[in-house]
Amino acid sequence: MLTVQGLDVAYGRAQVLFGVDLEAPAGSLVCVMGRNGVGKTTLLKAVMGVLPVRSGRVHFAGEEITGLKTHERVRRGLGYVPPGHETFPQLTVGENLQVAAEATGRPSQGAVDEALDLFPALPVLLKRRAGFLSGGQQQQLAIARALVGRPKMLLLDEPTEGIQPSIILEIEEAVQRLHRELGLAILLVEQYLELALRLADRFVILDAGEVVRSGDRAELRDPSVHALLSV
Amino acid sequence: MATLNQLVIGASIGAVLLLIALGLTFTFGQMGVINMAHGEFIMAGAYTAYLLQPLVGTQSVLVALPVAFAVAGVLGLILERLAIRHFYGRPLDTLLLTWGISLVLQQVARDIFGAPNVQVRAPGWLTGGLDLGVRLPYNRVFIMVLAVGCVLAIWLYLTRLRHGRRMRAVMQNRQLAAVSGVATERVDQLTFFIGSGLAGVAGVALTLIGPVGPTLGTNYIVDAFLVVVAGGLGQLRGAVIAAFALGILNSFVEFWVDNGASLAKVVVFAVIIGFLQLRPQGMFVVRTRALS
Ligand SMILES: Nc1ncnc2c1ncn2[C@@H]1O[C@H](COP(=O)(O)OP(=O)(O)O)[C@@H](O)[C@H]1O
Ligand SMILES: [Mg+2]
């Protein structure tokens with residue numbers, strides 16, 4: 001479903017990704033792992049077209065999307081949840097979802113309801129300004145926002161980072177459900193091995209901007225994997 | 001009585017400043033653009049009213065308002081497409097660029113309309129005034145009603161309509177809007193169109209209280225920027241209060257002090273600098289947990 005080939009990405013003169021390859025088949029949950037600063041966030045942003053790529057290609061759903069604008073990628077079915085539970089702080093929770101639903105060009109109440117269904121905490125907060133929610137609630141909103149466009153694939157960048165433990169569980173369950181019950185393809189950036197072991201079908205480990213390891217879930221238990229993730 | 005008179009004059013100038021400041025605050029808040037050429041959209045609106053007068057006759061102000069909105073809006077859109085968009089997020093560069101463009105546009109106006117001021121005649125129902133002990137000139141009342149109407153329309157647009165919601169989203173978090181599927185460039189264009197259009201409307205309003213010349217915009221642009229800064233960037237409510245406060249303050253200082261026009265500027269500057277010492281973020285600050 002998503003294929004990344006030989007991706008080079010740089011911030012100005014500082015190159016951060018070096019020839020990254022990645023394959024995420026339809027319905028799979030692929031975990032992107034690696035220590036802080038190895039380029040996981042950069043990879044997702046490049047896939048979304050938020051950052052320009054220096055070379056390499058990105059294919060999604062049978063089409064090359066390397067040159068497309070960000071919103072065009074979203075309309076082709078890529079959903080993205082950036083790191084750090086981002087919202088439109090001055091818009092209400094409802095408006096946050098509405099903006100994303102309307103941006104798809106075919107807003108559907110059904111899609112909004114489905115997204116809300118996943119997070120029982122949200123419906124009572126619809127009239128609150130997003131900026132006043134707790135970090136965990138904001139993250140739930142961020143995921144719901146990415147879902148109201150009914151994406152074919154969801155990119156999640158450390159959705160549990162800095163979130164209170166009770167809500168981490170809810171988020172993990174939501175991701176499980178999206179993947180297992182609804183068959184959504186998911187690319188998940190996650191630093192914690194435990195979580196990856198519970199969720200991932202496959203994994204990719206980055207180190208200093210290169211893919212140094214990839215495989216399926218069982219291989220995550222390999223001691224060499226541990227070495228690549230520990231600080 | 002004279003006091004009330006100054007209040008009416010000040011409030012009507014405040015209303016014009018508000019119309020001008022709205023466009024500035026949107027383009028700065030959303031795109032990080034300091035548009036010095038915004039003043040020339042005021043001029044374009046005023047000359048539009050001037051050109052329409054022989055075609056439409058004395059009721060031309062009513063026709064001029066929507067036409068000037070469109071003319072100035074399209075000018076703004078052209079400027080955005082041809083020049084400004086290449087400098088998004090670089091306020092100082094846009095400042096220099098648009099300052100240059102502003103001078104060019106003034107020269108173009110001089111070439112077309114001549115350097116001397118021209119006059120637009122107000123329709124009969126806007127001359128004279130309402131006597132309530134103090135005289136309320138109809139033209140000034142009309143300007144205030146116009147500004148209030150425009151602010152209300154903008155507020156409804158921002159809060160009730162799909163496009164307005166989208167605009168607020170881009171203003172608050174451009175990248176998040178893009179990854180939510182919003183075509184941010186299109187939103188930028190629309191913002192520029194509306195903001196410039198409002199300056200055109202302000203230009204028509206100014207024809208009701210004075211002559212029209214190539215430097216019409218220059219006289220108001222600095223005050224409008226002060227409104228934006230004092231009101232808090234991108235804040236509708238702050239802009240409304242700051243605009244009327246500035247207009248009224250200006251008018252009173254001019255009245256109380258002999259030969260006040262230039263002194264008024266100095267006093268107003270001093271007050272605003274003092275205010276910004278106390279509240280560098282302007283009147284209203286966006287306060288959320290997200291930012292802390
Ligand atoms: N905006 C930026 N400008 C310059 N360098 C950046 C920027 N963002 C990230 N980097 C650098 O790129 C590298 C990868 O960052 P990132 O993709 O955020 O890593 P990760 O998500 O794996 O922690 C880091 O060395 C970081 O310092
Ligand atoms: Mg990261």
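State which residue is most open to solvent (accessible area, probe 1.4 Å) when the search covers only segment A:190-231 and only residues that are without any contact (Cβ under 8 Å) to a residue 12 or more places away in the chain and not hydroxyl-bearing (Ser, Thr, Tyr).
In this case the residue turns out to be A:194.
Does residue A:98 satisfy the criteria of being surrounded by fewer than 24 Cβ atoms within 10 Å (Cβ to Cβ) and more than 16 Å from ligand 1 (Cβ to nearest atom)?
So residue A:98 fits the description; yes.
Would you confirm whether any residue within segment A:132-141 is touching a residue at least 60 places away in the same chain (Cβ under 8 Å), touching a helix residue (DSSP H, G or I) at 6+ places or on another chain (Cβ under 6 Å) and either at negative phi or facing chain B (nearest Cβ under 9 Å) (or both)? Break it down into steps so the answer makes sense when it comes.
Initial filter on segment A:132-141 (touching a residue at least 60 places away in the same chain (Cβ under 8 Å)): none.
Scanning segment A:132-141, I find no residue that is touching a residue at least 60 places away in the same chain (Cβ under 8 Å), touching a helix residue (DSSP H, G or I) at 6+ places or on another chain (Cβ under 6 Å) and either at negative phi or facing chain B (nearest Cβ under 9 Å) (or both), so the answer is no.
Any residue that is within 14 Å of chain B (Cβ to nearest Cβ), within 16 Å of ligand 1 (Cβ to nearest atom) and open to solvent by 10 Å² or more (accessible area, probe 1.4 Å) - is there at least one of those in segment A:19-28?
Quick first cut of segment A:19-28, residues within 14 Å of chain B (Cβ to nearest Cβ) only: none.
No, because not a single residue in segment A:19-28 is within 14 Å of chain B (Cβ to nearest Cβ), within 16 Å of ligand 1 (Cβ to nearest atom) and open to solvent by 10 Å² or more (accessible area, probe 1.4 Å).
Only one of these conditions is not met by residue B:108: (1) in contact with a Leu (Cβ under 6 Å, 6 or more places away or on another chain); (2) of a type in the set (Val, Ile, Thr); (3) open to solvent by 60 Å² or more (accessible area, probe 1.4 Å). Which number is it?
The one condition residue B:108 does not meet is (1).
If a residue counts only when it is touching a residue at least 60 places away in the same chain (Cβ under 8 Å) and more than 14 Å from every other protein chain (Cβ to nearest Cβ), which helices (runs of 4 or more DSSP H) contained entirely in segment B:120-221 have at least 1 such residues?
Details: elements: B:138-160, B:162-172, B:174-179, B:184-207.
Answer list for segment B:120-221: B:138-160, B:184-207.
Just give me the residues in segment A:50-59 being within 14 Å of chain B (Cβ to nearest Cβ) and either within 8 Å of ligand 1 (Cβ to nearest atom) or open to solvent by less than 50 Å² (accessible area, probe 1.4 Å) (or both), in sequence order.
Taking segment A:50-59 first, the residues within 14 Å of chain B (Cβ to nearest Cβ) are A:50-52.
A:50, A:51 - these are the residues of segment A:50-59 that are within 14 Å of chain B (Cβ to nearest Cβ) and either within 8 Å of ligand 1 (Cβ to nearest atom) or open to solvent by less than 50 Å² (accessible area, probe 1.4 Å) (or both).
Condition test on residue A:62, is it surrounded by fewer than 24 Cβ atoms within 10 Å (Cβ to Cβ), touching a residue at least 24 places away in the same chain (Cβ under 8 Å) and more than 16 Å from ligand 1 (Cβ to nearest atom)?
Working: surrounded by fewer than 24 Cβ atoms within 10 Å (Cβ to Cβ): yes; touching a residue at least 24 places away in the same chain (Cβ under 8 Å): no; more than 16 Å from ligand 1 (Cβ to nearest atom): yes.
When the stated conditions are applied, residue A:62 does not pass them.
Can you tell me which condition residue A:73 does not meet? The list is (1) basic (Lys, Arg); (2) crowded, with 19+ Cβ neighbours inside 10 Å; (3) closer than 29 Å to residue B:236 by Cβ, and all the others hold.
Just one mismatch for residue A:73, condition (3).
Check residue B:78 against each of (1) surrounded by 19 or more Cβ atoms within 10 Å (Cβ to Cβ); (2) over 16 Å from the mean Cα position of the chain (by Cα); (3) of a type in the set (A, V, I, L, M) and name the one condition it does not meet.
Exception for residue B:78: condition (1).
Listed residues B:39, B:29; which is under 26 Å from residue B:118 (Cβ atoms) and part of a helix (DSSP H, G or I)?
Values: B:29 fails: under 26 Å from residue B:118 (Cβ atoms).
Sole residue among the options that is under 26 Å from residue B:118 (Cβ atoms) and part of a helix (DSSP H, G or I): B:39.
Could you tell me which of the residues A:101, A:144 is closer than 18 Å to residue A:85 by Cα, in contact with a helix residue (DSSP H, G or I) (Cβ under 7 Å, 6 or more places away or on another chain) and among the small types (Gly, Ala, Ser)?
Values: A:101 fails: closer than 18 Å to residue A:85 by Cα.
Step by step, each of A:101, A:144 is checked, and only A:144 is closer than 18 Å to residue A:85 by Cα, in contact with a helix residue (DSSP H, G or I) (Cβ under 7 Å, 6 or more places away or on another chain) and among the small types (Gly, Ala, Ser).
Let me confirm something: among B:149, B:164, which residue is surrounded by fewer than 20 Cβ atoms within 10 Å (Cβ to Cβ) and in contact with a Leu (Cβ under 7 Å, 6 or more places away or on another chain)? So that I can check it myself, show each step before the final result.
Numbers: B:149 fails: in contact with a Leu (Cβ under 7 Å, 6 or more places away or on another chain).
After applying the criteria, what remains is B:164.
Given A:126, A:122, which one is of a type outside the set (Gly, Ala, Ser), open to solvent by 20 Å² or more (accessible area, probe 1.4 Å), more than 17 Å from the chain's Cα centre (by Cα) and more than 8 Å from chain B (Cβ to nearest Cβ)?
None of the others qualify; the one that does is A:126.
Quick check on residue A:141: is it crowded, with 23+ Cβ neighbours inside 10 Å and modelled with pLDDT of 90 or more? I'd like the intermediate steps shown before the answer.
Numbers: crowded, with 23+ Cβ neighbours inside 10 Å: yes; modelled with pLDDT of 90 or more: yes.
Spelling it out, residue A:141 is indeed crowded, with 23+ Cβ neighbours inside 10 Å and modelled with pLDDT of 90 or more.
Return the only residue of A:93, A:47, A:74, A:32 being of a type in the set (A, V, I, L, M), within 14 Å of chain B (Cβ to nearest Cβ), touching a strand residue (DSSP E or B) at 6+ places or on another chain (Cβ under 9 Å) and within 16 Å of ligand 1 (Cβ to nearest atom).
Details: A:93 fails: within 16 Å of ligand 1 (Cβ to nearest atom); A:74 fails: within 16 Å of ligand 1 (Cβ to nearest atom); A:32 fails: within 14 Å of chain B (Cβ to nearest Cβ).
None of the others qualify; the one that does is A:47.
What number of residues in segment A:35-44 are open to solvent by 10 Å² or more (accessible area, probe 1.4 Å) and more than 6 Å from ligand 1 (Cβ to nearest atom)?
Residues flagged as open to solvent by 10 Å² or more (accessible area, probe 1.4 Å) and more than 6 Å from ligand 1 (Cβ to nearest atom) within segment A:35-44 amount to 1.
Using beta carbons and a limit of 6 Å, which pairs, at least six apart or on different chains, have the first residue in segment A:100-116 and without any contact (Cβ under 8 Å) to a residue 12 or more places away in the chain and the second one surrounded by fewer than 22 Cβ atoms within 10 Å (Cβ to Cβ) and assigned to a helix (DSSP H, G or I)?
A:102/B:162
The values are calculated or read from the model by the stated rules, or taken from the named source; none is laboratory data. This is a predicted model, so every value here is computed, not measured. Please note: Cβ atoms are built from the backbone with ideal geometry, for glycine as well, and neighbour counts cover all protein chains shown. Accessible surface areas use protein heavy atoms only, side chains included; no ligands, DNA or RNA. Shrake-Rupley method; radii C 1.70, N 1.55, O 1.52, S 1.80 Å.
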